[in-house]
Amino acid sequence: MNINNNINNFRQKVPHSCTLVAVSKTQPNEKILEAYDAGHRTFGENKVQELVQKHAALPKDIEWHMIGHLQTNKVKLIVPVVSLIHGVDSTRLLEEINKQARKMNTTVNCLLQVFIAKEDTKFGFSFDELTALFSSGQMENWTNVRVVGLMGMATLTEDREQIRQEFRGLKRFFDSLKERSLPPNARMKELSMGMSGDYEIAIEEGSTMIRIGTAIFGSRNYPEG
Ligand SMILES: *Cc1c(COP(=O)(O)O)cnc(C)c1O
């Protein structure tokens, strides 16, 4: 893989309104530095330990995004080093992020993960749960959390039309929330959807953030736990 070329190709084909998150999980630091040297600064990881280690070892102007499922007991490790958490999928996690952020006197940017796939393996809120959360008055208590949008993963399927409908449904929900009055610490700015296999569809359906691993770095060498 020529990482420099891949980064530049994405720069050309992705609209300016859409942020490219280079998903560097399992990739060694040298490969991340190749993307860095091509001018890229936004990287995504899905394991807390790995993100923390890479943050310590690599240039400090990198923005690290946590993209995978986050366990509550790892929150305190991630808060000091992360610029955006994509996969916030429960009120328990919001509560813990708020607690740790408050202790560290900081505010953490979060995307709420919405369950849109027809699979039972993916994490996330349902549309109804999120609607209820925003009208519950609960969000207002989490003053050290800043919700900046939503994240979703489509079903892993060859059926492009199904993927499109799932992304479209999420975009419609995102837009409907924009119309409502949300808690002061929640706004609908970013919509994180699209990976190597489905980012073209995601962009067509209104993604503002795509998370791309293999299409930049090539295949991952060891299995993800
Ligand atoms: C690994 C991962 C990606 C990137 O997947 P690719 O298919 O390699 O682009 C995107 N989002 C999440 C949540 C991931 O875990």
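Nothing in this text is a laboratory measurement; each read-out follows from the coordinates by a stated rule. Source: prediction; values computed, not measured. Using ideal geometry, Cβ is built from the backbone for each residue, glycine included, and neighbour counts are taken over all protein chains shown.
Quick one: would you say residue 166 is surrounded by fewer than 21 Cβ atoms within 10 Å (Cβ to Cβ) and more than 20 Å from residue 82 (Cβ to Cβ)? No: the conditions fail for residue 166.
Taking every residue in region 104-121 that is in contact (Cβ under 8 Å) with a residue 12 or more places away in the chain and under 17 Å from residue 70 (Cβ atoms) and pairing it with any residue that is part of a loop (DSSP other than H, G, I, E, B) and basic (Lys, Arg), at least 6 positions away or on another chain, the pairs with Cβ-Cβ distances below 8 Å are 115/122. Residues that are surrounded by 21 or more Cβ atoms within 10 Å (Cβ to Cβ) and part of a loop (DSSP other than H, G, I, E, B) within region 91-129 comprise 116, 124, listed in sequence order.
Yes/no per residue for (1) among the β-branched types (Val, Ile, Thr); (2) touching a His at 6+ places or on another chain (Cβ under 6 Å); (3) closer than 13 Å to residue 81 by Cα:
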{"position": "13", "(1), (2), (3)": "no, no, no"}
{"position": "23", "(1), (2), (3)": "yes, no, no"}
{"position": "26", "(1), (2), (3)": "yes, no, no"}
{"position": "38", "(1), (2), (3)": "no, no, no"}
{"position": "43", "(1), (2), (3)": "no, no, yes"}
{"position": "46", "(1), (2), (3)": "no, no, no"}
{"position": "51", "(1), (2), (3)": "no, no, yes"}
{"position": "54", "(1), (2), (3)": "no, no, yes"}
{"position": "59", "(1), (2), (3)": "no, no, yes"}
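Selection of strands (runs of 3 or more DSSP E) fully inside region 130-225 by the criterion of at least 3 residues being closer than 17 Å to residue 113 by Cβ, within 16 Å of the ligand (Cβ to nearest atom) and among the hydrophobic types (A, V, I, L, M, F, W, C) returns 145-153.
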